[in-house]
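This report concerns only the one structure given below.
The values are calculated or read from the model by the stated rules, or taken from the named source; none is laboratory data. None of these values were measured; they are calculated from a predicted model. All Cβ positions, glycine included, derive from the backbone under ideal geometry; neighbour counts span all protein chains shown. Protein only, heavy atoms only, side chains kept; ligands, DNA and RNA dropped before computing areas. Shrake-Rupley method; radii C 1.70, N 1.55, O 1.52, S 1.80 Å.
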Amino acid sequence: MRALILTLRILGILILAPAAGGLLTGLDRVVSARMQRRKGPPILQPFYDVMKLARKQSTTVSSMTRYFVTLSMCFNIFTVLLFGLGLDLMLCVFAFTLACVFFVLSGYSSNSPFSFVGTERELVQIMCYEPMVLIVAFGYYQVSGSFNVGDAFRMGSPAVMRLPFIFIGLLYVLSVKLRKSPFDLSMSHHGHQEIVKGVITELTGICLAMVEVSHWFETVFALGLVYLFFVYASPASWAAALALCLAAFLMETLIDNAFARVKWKLALQASWIVIFVTGGVNLLLLNL
Amino acid sequence: MPTILPLLGVPLVFAVFTFFARTQKAFARTVRAAAVCVAAASLLCVAAHYGDVYSADLSAYPRIKTVMLAIEVAMSAYLIYIGAARRHFLLSLFSAAQIGAFVWFEAAYGHSIRVKEAVTVDRLSLIMIAIVGVIGGLICVYAVEYMKDFHRHHPEYKDRRPMFFTVLMVFLAAMFGLVVSNDLSFMLFFWEVTSLCSFLLIGYTRTPEAEKNAFLAVVINTFGGLCFTVGIVLLAVYENILDLNGLIRLNPDAPIVVAAVFLIACAGLTKAAQLPFSGWLLGAMAAPTPTSAMLHSSTMVKAGVYVIIRLAPLLGRNAAGVSMTLVGGVTFFATAVLAVGQSDAKKILAYSTISNLGLIVACAGINTAESLWAAVMLIVFHAIAKSLLFLAVGSTEYQLGSRNVEDMDGLFQISPALTTFLAVGIAGMFVAPFGMLISKWAAMKAFVDSGNVPVVLMLAFGSSVTLFFWTKWLGKLIANAHRTAPTNYVMRGDEKVSMYSLAALVVVVCLAHPLISSGFIAPYIEGAMLTPFASPIASRTTTVIILMLCMLFIIPIVLLPLYTRRRVKRTSVYMSGENTGDNRSFRGGMGRVRPVELRNWYMPSLLREKRLLAAGGGVCALIVLGGFFVAMGGAFL
């Protein structure tokens with residue numbers, strides 16, 4: 001019986017997470033278009049894109065790239081699974097990091113100059129947001145008493161009450177993780193930002209589709225972290241937190257459309273300063 | 001005793017054999033036999049004493065102490081002489097002060113204090129014995145062929161292999177001695193032996209650079225020895241105690257105990273190459289690879305952190321504990337940042353060693369059960385992964401004629417085995433689900449629990465930096481844009497055996513870590529802290545970790561036939577249309593064909609090695625000095 005429930009939950013996550021991720025990406029494109037006074041694609045466009053990419057003939061520049069892209073996608077899915085099953089948050093962070101490492105390695109394996117530049121920038125971006133993700137986990141652990149994601153639903157008050165600064169820090173690095181302007185250094189979603197597309201320059205067909213799907217899962221995990229800040233024992237908060245996640249995502253879209261890309265050095269220094277201040281102040285307050 | 005004596009006896013006997021060996025065959029035979037015997041002796045000891053804490057009373061044999069004192073006087077005389085002869089007067093000064101203090105103490109107090117159990121073997125000792133025996137043995141095996149090639153590559157150096165292998169054997173014996181000593185004067189004796197051994201090993205080639213580094217190492221370590229001696233003398237004179245087990249039962253807030261513990265822990269800092277004292281370990285990488293592997297993984301630096309871990313019950317919130325925690329934390333962060341700017345593989349490894357040792361020191365410094373667990377786990381995993389990395393870099397240097405990470409492009413085509421070793425080692429160092437990360441996780445948890453915000457922040461930032469420099473190295477192993485011409489080097493059997501074994505150990509020990517935890521570390525912590533202890537890694541988590549490990553192996557295996565069957569069209573990479581046909585060159589300005597070179601980022605504008613080293617060293621020196629004044633002031637004012 002327990003095995004059956006577990007299987008059902010896993011299946012549920014495997015269906016809901018990409019659906020949510022894809023819809024969010026579609027929403028992002030529509031909202032962005034409206035901000036630019038365009039009509040924009042239908043909201044289901046990301047799904048059409050992926051299906052079309054998957055059916056196209058693939059080309060490749062290196063035999064290893066596909067493996068790394070696949071591994072990256074698998075570990076992204078695994079991360080969301082761990083998170084959805086309410087397991088240890090640190091494990092999620094580590095699995096997530098592993099997925100990022102594989103994605104970076106796919107860039108290295110292509111041996112392409114443009115891809116390589118994007119890869120190095122992607123690495124810098126990881127360095128920008130990784131401390132914050134860890135600090136979010138630490139903060140969550142301090143207020144909930146355990147690293148288990150599931151325990152958030154048993155807390156007496158939402159975590160954001162005691163982690164307001166860490167939450168601000170998380171919002172800041174969210175645009176680094178989701179590769180939104182001004183931090184879309186490694187690859188941009190927008191055609192107008194760059195002609196050659198960073199890490200994924202050499203990817204085609206099914207590989208590109210896998211990167212897209214990975215990105216859906218990444219988005220879900222990133223917003224899952226936001227969700228953790230608002231959810232607590234009251235069932236009303238479960239839905240409210242979802243709405244707030246959506247608001248956070250739309251805020252990222254707004255920022256994405258309002259800023260120009262910064263240089264990597266500024267990106268690194270700015271995020272580290274923000275993380276140091278928000279994380280440091282909040283952790284100090286918790287431990288007073 | 002019958003299981004402890006071989007630990008010292010076997011390497012010493014083989015030390016004599018290797019000293020008289022002259023041909024390659026003789027070296028190969030004796031060193032292989034030595035490695036097997038040493039590893040067997042260590043495992044036998046682990047098996048024999050797994051069930052109990054073994055102690056031996058040696059007070060019936062007062063001669064042992066006399067012999068040790070004689071050897072120590074001789075070693076000091078040699079150091080004083082060589083320091084004066086080569087104009088390293090600081091060495092003579094430290095050495096003279098140390099032996100003077102020690103002889104005076106032995107004459108005045110030595111006989112009045114009775115140490116009931118001069119030798120104690122508990123679970124922590126067993127872990128160390130296994131590490132020293134097995135990993136040390138494997139490194140020795142590797143050294144056989146490596147040193148032969150070393151002299152073929154460098155005919156300008158005098159072949160002093162008999163001395164080299166003899167010192168390696170003595171080194172192993174001294175490490176065994178150190179980790180089974182309960183009597184602090186015994187421990188000091190072995191401590192000094194390892195310092196002298198590292199001096200001889202680092203100076204092996206006798207080039208001016210090697211001599212400089214060897215003297216740097218011995219000066220810093222003799223300073224540590226001096227601190228150790230003064231700490232022991234304080235303990236003996238004021239507390240009438242000369243054994244470790246008695247020491248850790250003292251009141252950790254008593255001023256004199258804090259002062260003594262601070263001094264001994266400072267000795268640990270010098271040996272573990274923490275920041276104001278890390279110069280010597282960076283210099284030591286100039287020595288032949290087996291030396292670096294030995295110093296960095298199973299011996300020397302591990303002796304430093306071992307002593308600090310032993311003292312952990314007396315650290316915590318006092319001056320000694322706070323300064324150790326902060327020095328460890330700052331060192332962890334600063335040297336991780338320093339590693340980003342390096343392209344010399346050995347230098348990256350050196351900085352990463354110092355960084356990880358910093359984490360271990362910080363863990364011991366806060367003195368909670370979980371942090372101790374993390375510290376011991378870090379020792380285990382670090383020893384395995386780091387020795388593998390050093391050995392693989394040594395062979396790669398022969399294979400490519402360079403140990404620069406930027407030249408490792410396309411190593412996979414040249415030597416898949418070496419690439420695999422390097423990749424396994426690197427993965428073992430920083431990525432889930434491998435051991436270092438599991439231990440680092442426990443460390444993070446312990447620091448968050450203790451509410452030590454500065455160190456928590458340093459951990460968060462330091463970990464992301466660590467990720468950066470390891471991943472870019474891993475990327476270079478996979479990339480294949482420009483290829484370095486390989487030399488005609490072929491890996492020999494001995495080298496393969498040691499590297500395959502270590503690579504297997506990285507994976508196996510990761511899978512077996514719950515057993516190590518419940519079988520060794522938990523009993524040790526319960527003994528040291530006198531509280532029941534459960535592993536900080538829950539069993540459900542362990543399941544997930546093992547699942548991840550399986551995924552890492554299974555996914556590629558499943559994909560391999562799938563992807564090889566479905567051929568895809570190969571195209572050349574995008575180079576703005578300036579391709580020349582292959583991916584290795586492009587048409588540059590004026591239509592000239594130029595090779596593609598893809599270089600990693602080293603951020604020279606942000607990271608200036610000298611300035612960073614000075615800043616980190618300065619901060620740590622201030623912390624140590626502050627700790628010193630507070631500890632001494634508390635004790636004597």
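Which residues, counting only those in the range B:605-614, are open to solvent by 80 Å² or more (accessible area, probe 1.4 Å) and either over 27 Å from the mean Cα position of the chain (by Cα) or at pLDDT 90 or above (or both)?
Result: B:K610, B:R611.
Could you figure out which of (1) open to solvent by 10 Å² or more (accessible area, probe 1.4 Å); (2) in a helix (DSSP H, G or I) isn't true of B:E495?
Checking B:E495 against (1) open to solvent by 10 Å² or more (accessible area, probe 1.4 Å); (2) in a helix (DSSP H, G or I), the one that fails is (1).
Residue by residue through the range A:163-179, note down the ones that are within 14 Å of another protein chain (Cβ to nearest Cβ) and part of a loop (DSSP other than H, G, I, E, B).
Residue satisfying the conditions is A:L163 alone.
Surrounded by fewer than 20 Cβ atoms within 10 Å (Cβ to Cβ) and not in a helix (DSSP H, G or I), is that true of B:Y157? Explain how you work it out, then say what you get.
Numbers: surrounded by fewer than 20 Cβ atoms within 10 Å (Cβ to Cβ): yes; not in a helix (DSSP H, G or I): yes.
Yes.
Only one of (1) part of a helix (DSSP H, G or I); (2) closer than 23 Å to B:E192 by Cβ; (3) hydrophobic (A, V, I, L, M, F, W, C) fails for B:A40. Which number is that?
Every listed condition holds for B:A40 apart from (2).
If you go through the range A:44-57, how many residues are more than 17 Å from A:F217 (Cα to Cα) and buried (at least 18 other Cβ atoms within 10 Å of the Cβ)?
1
Can you tell me which residue is farthest from the other protein chains (Cβ to nearest Cβ) among those in the range B:575-604 that are out of contact with any helix residue (DSSP H, G or I) (no Cβ under 7 Å at 6 or more places or on another chain), in a loop (DSSP other than H, G, I, E, B) and open to solvent by 60 Å² or more (accessible area, probe 1.4 Å)?
That would be B:R592.
Considering only helices (runs of 4 or more DSSP H) fully contained in the range B:210-317, which possess at least 1 residues that are in contact with a Lys or Arg (Cβ under 8 Å, 6 or more places away or on another chain)?
Once the helices (runs of 4 or more DSSP H) in the range B:210-317 are filtered for at least 1 residues that are in contact with a Lys or Arg (Cβ under 8 Å, 6 or more places away or on another chain), what remains is B:244-247, B:279-284, B:289-293, B:301-311.
Which members of the range A:83-112 meet the condition of being within 7 Å of chain B (Cβ to nearest Cβ), more than 15 Å from the chain's Cα centre (by Cα) and open to solvent by 10 Å² or more (accessible area, probe 1.4 Å)?
Within the range A:83-112, A:L87, A:D88, A:N111 qualify.
Have a look at B:I366, B:I379, B:I360 and point out the one that is open to solvent by 10 Å² or more (accessible area, probe 1.4 Å) and of a type in the set (V, I, T).
Just one listed residue meets the conditions, B:I366.
Does B:L437 satisfy being among the aliphatic types (A, V, I, L, M), open to solvent by 10 Å² or more (accessible area, probe 1.4 Å) and within 14 Å of chain A (Cβ to nearest Cβ)? Before the answer, list the steps.
Values: among the aliphatic types (A, V, I, L, M): yes; open to solvent by 10 Å² or more (accessible area, probe 1.4 Å): yes; within 14 Å of chain A (Cβ to nearest Cβ): yes.
Considered against the rule, which asks whether it is among the aliphatic types (A, V, I, L, M), open to solvent by 10 Å² or more (accessible area, probe 1.4 Å) and within 14 Å of chain A (Cβ to nearest Cβ), B:L437 comes out as yes.
I need the full set of residues from the range B:441-476 which are β-branched (V, I, T), closer than 27 Å to B:L418 by Cβ and more than 7 Å from every other protein chain (Cβ to nearest Cβ), in order please.
Residue satisfying the conditions is B:T466 alone.
Give me the residue from the range B:46-97 that is free of Cβ contacts under 8 Å to residues at least 12 places away in the same chain and outside any helix (DSSP H, G or I) and, out of that set, farthest from B:I131 (Cα to Cα).
That would be B:R87.
What are the pairs with Cβ atoms under 6 angstrom where one residue, in the range A:186-206, is in contact (Cβ under 8 Å) with a residue 24 or more places away in the chain and surrounded by 22 or more Cβ atoms within 10 Å (Cβ to Cβ) and the other, located anywhere, is charged (D, E, K, R) and assigned to a loop (DSSP other than H, G, I, E, B)? Sequence gap at least six, or different chains.
Short answer, once both residue conditions are applied: A:M187/A:K197.
Considering only the range B:382-409, state which residues are open to solvent by 10 Å² or more (accessible area, probe 1.4 Å) and small (G, A, S).
Residues satisfying the conditions are B:G401, B:S402.
Could you list all residues from the range B:468-485 that are part of a helix (DSSP H, G or I) and open to solvent by less than 10 Å² (accessible area, probe 1.4 Å)?
Pass one, the range B:468-485, residues part of a helix (DSSP H, G or I): B:468-478.
Scanning the range B:468-485 gives B:F468, B:F469, B:W470, B:T471, B:K472, B:W473, B:G475, B:K476, B:L477.
Looking at the range A:128-146, which of the residues that are more than 21 Å from the chain's Cα centre (by Cα) and within 14 Å of A:F165 (Cβ to Cβ) is nearest to the other protein chains (Cβ to nearest Cβ)?
Looking at residues that are more than 21 Å from the chain's Cα centre (by Cα) and within 14 Å of A:F165 (Cβ to Cβ), I get A:Q142.
Considering the range B:1-25 alone, what residues qualify as being farther than 30 Å from B:D57 by Cα and exposed (fewer than 15 other Cβ atoms within 10 Å of the Cβ)? Outline the logic, then answer.
Step one: of the range B:1-25, the residues farther than 30 Å from B:D57 by Cα are B:17-25.
Within the range B:1-25, B:F20, B:R22, B:T23, B:Q24, B:K25 qualify.
I'd like the residue in the range B:477-488 that is facing another protein chain (nearest Cβ under 7 Å) and among the hydrophobic types (A, V, I, L, M, F, W, C) and, out of all such residues, is nearest to the chain's Cα centre (by Cα).
B:I478
Does the range B:505-513 include one or more residues that are modelled with pLDDT of 85 or more, closer than 30 Å to B:G401 by Cβ, more than 10 Å from every other protein chain (Cβ to nearest Cβ) and touching a helix residue (DSSP H, G or I) at 6+ places or on another chain (Cβ under 9 Å)?
So in the range B:505-513, the residues modelled with pLDDT of 85 or more come out as B:505-513.
Filter once more, keeping what is closer than 30 Å to B:G401 by Cβ: B:505-506.
With the extra rule that they be more than 10 Å from every other protein chain (Cβ to nearest Cβ), the set shrinks to B:505-506.
Filter again for touching a helix residue (DSSP H, G or I) at 6+ places or on another chain (Cβ under 9 Å), leaving B:505-506.
Within the range B:505-513, one or more residues are modelled with pLDDT of 85 or more, closer than 30 Å to B:G401 by Cβ, more than 10 Å from every other protein chain (Cβ to nearest Cβ) and touching a helix residue (DSSP H, G or I) at 6+ places or on another chain (Cβ under 9 Å).
Kindly indicate which of B:R570, B:R540 is over 24 Å from A:D88 (Cα atoms), charged (D, E, K, R), surrounded by fewer than 16 Cβ atoms within 10 Å (Cβ to Cβ) and facing another protein chain (nearest Cβ under 10 Å).
Selected residue: B:R570, the only one of B:R570, B:R540 that is over 24 Å from A:D88 (Cα atoms), charged (D, E, K, R), surrounded by fewer than 16 Cβ atoms within 10 Å (Cβ to Cβ) and facing another protein chain (nearest Cβ under 10 Å).
Exactly one of these conditions fails for A:A243: (1) open to solvent by 30 Å² or more (accessible area, probe 1.4 Å); (2) more than 21 Å from the chain's Cα centre (by Cα); (3) free of Cβ contacts under 8 Å to residues at least 60 places away in the same chain. Give me its number.
The number of the failed condition is (2).
Filter the range A:249-288 for residues that are within 12 Å of chain B (Cβ to nearest Cβ) and not in a helix (DSSP H, G or I); which is nearest to the chain's Cα centre (by Cα)?
Ranking the candidates gives A:K263 first.
Of all residues in the range B:197-212, count the ones that are of a type outside the set (G, A, S) and either crowded, with 24+ Cβ neighbours inside 10 Å or within 17 Å of the chain's Cα centre (by Cα) (or both). Break it down stepwise before answering.
Taking the range B:197-212 as the starting set, the residues that turn out to be of a type outside the set (G, A, S) are B:197, B:199-202, B:204-209, B:211-212.
With the extra rule that they be either crowded, with 24+ Cβ neighbours inside 10 Å or within 17 Å of the chain's Cα centre (by Cα) (or both), the set shrinks to B:197, B:199, B:201-202.
So the count comes out to 4.
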